[in-house]
Amino acid sequence: MRNLLKPICIAFFVLSTAFTVNAETVEDMPLTGLVDTQDTSFGQLKGQWLYVDFWASWCIPCKKSFPFMNELQNVFKDKNVRVIAISVDDTEAAAVKFLKYNKTDFWVFHDPKGKLASEFKVPGMPSSYLINPEGEIVYKHVGFTEESGNEIINVINKSL
């Protein structure tokens, strides 16, 4: 998966595109926790807003998005919004090493075989999804820049 997504990540870093989609429902899929995050599932998280971010340790824009996701979690924590990040690294060790140097105030999960990324049809790294309390994807974004971070905050504010 890493070899396939690396060139896509670079392309989307340059192009960074956001788009709104017709609501798609997120199925109840298991989430395998990394570091201090417990295993859970999307079904257990239903009822709250989710900002789901797919990332990889080798992705430069992903590294830049981590401080933003910390801010997002802290700003919206009292508004029923949960930030979760899902690593698509081939090995847990690569993701854990990345997390050692990148602080997280949000939950982090691991998807080494790309099953979740495939279900979400992730087009590049990073890719983020806003999911409403009913489990519907109401917004998608590919790439990350400071400007896109501001756009994401505006979308969340309007959605709440």
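The values are calculated or read from the model by the stated rules, or taken from the named source; none is laboratory data. Quantities reported herein were computed from a predicted structural model and do not represent experimental measurements. Cβ sites come from the backbone with ideal geometry, for glycine too, and all protein chains shown count toward neighbours.
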Check: In this structure, does Ala95 turn out to be small (Gly, Ala, Ser), closer than 20 Å to Asp39 by Cα, touching a helix residue (DSSP H, G or I) at 6+ places or on another chain (Cβ under 9 Å) and crowded, with 18+ Cβ neighbours inside 10 Å?
Finding: no
Margin query: Pull out all pairs, ordered by first then second residue, where Cβ-Cβ is under 9 Å, the residues are six or more apart or on different chains, the first lies in the stretch 105-119 and is more than 28 Å from Asp78 (Cα to Cα) and in a helix (DSSP H, G or I), and the second is of a type outside the set (A, V, I, L, M) and modelled with pLDDT under 95.
Written below: Glu119/Glu27
Next item on the list: Could you tell me which of the residues Val52, Val14 is within 17 Å of Ser148 (Cα to Cα), β-branched (Val, Ile, Thr) and at pLDDT 95 or above?
Entry: Val52
Next item on the list: Please verify whether the stretch 121-132 includes one or more residues that are out of contact with any Phe, Trp or Tyr (no Cβ under 8 Å at 6 or more places or on another chain) and either outside any strand (DSSP E or B) or not hydrophobic (A, V, I, L, M, F, W, C) (or both).
Entry: yes
Checklist line | Failed item in (1) of a type outside the set (Val, Ile, Thr); (2) within 14 Å of the chain's Cα centre (by Cα); (3) under 17 Å from Pro30 (Cα atoms), with Lys115 passing the rest | finding: (2)
Next item on the list: Looking at (1) buried (at least 16 other Cβ atoms within 10 Å of the Cβ); (2) assigned to a helix (DSSP H, G or I), find the lone condition where Asp90 falls short.
Entry: (2)
Next item on the list: Would you please name the residue that is surrounded by the fewest Cβ atoms within 10 Å (Cβ to Cβ), looking only at residues in the stretch 106-149 that are over 12 Å from Ser65 (Cα atoms) and of a type in the set (S, T, N, Q)?
Entry: Ser118
Notebook entry, point to check: In this structure, is Ala85 over 16 Å from the mean Cα position of the chain (by Cα), at pLDDT 95 or above and not in a loop (DSSP other than H, G, I, E, B)?
Noted result: no
Note to self: For a quick check of your reading of the model, give me the residue pairs whose first member lies in the stretch 28-54 and is loosely packed, with under 13 Cβ neighbours inside 10 Å, whose second is hydrophobic (A, V, I, L, M, F, W, C) and in a helix (DSSP H, G or I), with beta-carbon atoms closer than 6 Å and at least 6 apart or on different chains.
What the structure shows: Asp28/Phe42
Item checked: Close pairs (8 angstrom Cβ cut-off, 6 or more residues apart or separate chains): touching a residue at least 24 places away in the same chain (Cβ under 8 Å) in the stretch 91-102, in a helix (DSSP H, G or I) and surrounded by 13 or more Cβ atoms within 10 Å (Cβ to Cβ) anywhere -> Phe98/Lys63; Asn102/Lys63; Asn102/Phe66
Check: Taking the stretch 69-82 on its own, how many of its residues are in a helix (DSSP H, G or I), of a type outside the set (D, E, K, R) and surrounded by fewer than 20 Cβ atoms within 10 Å (Cβ to Cβ)?
Finding: 5
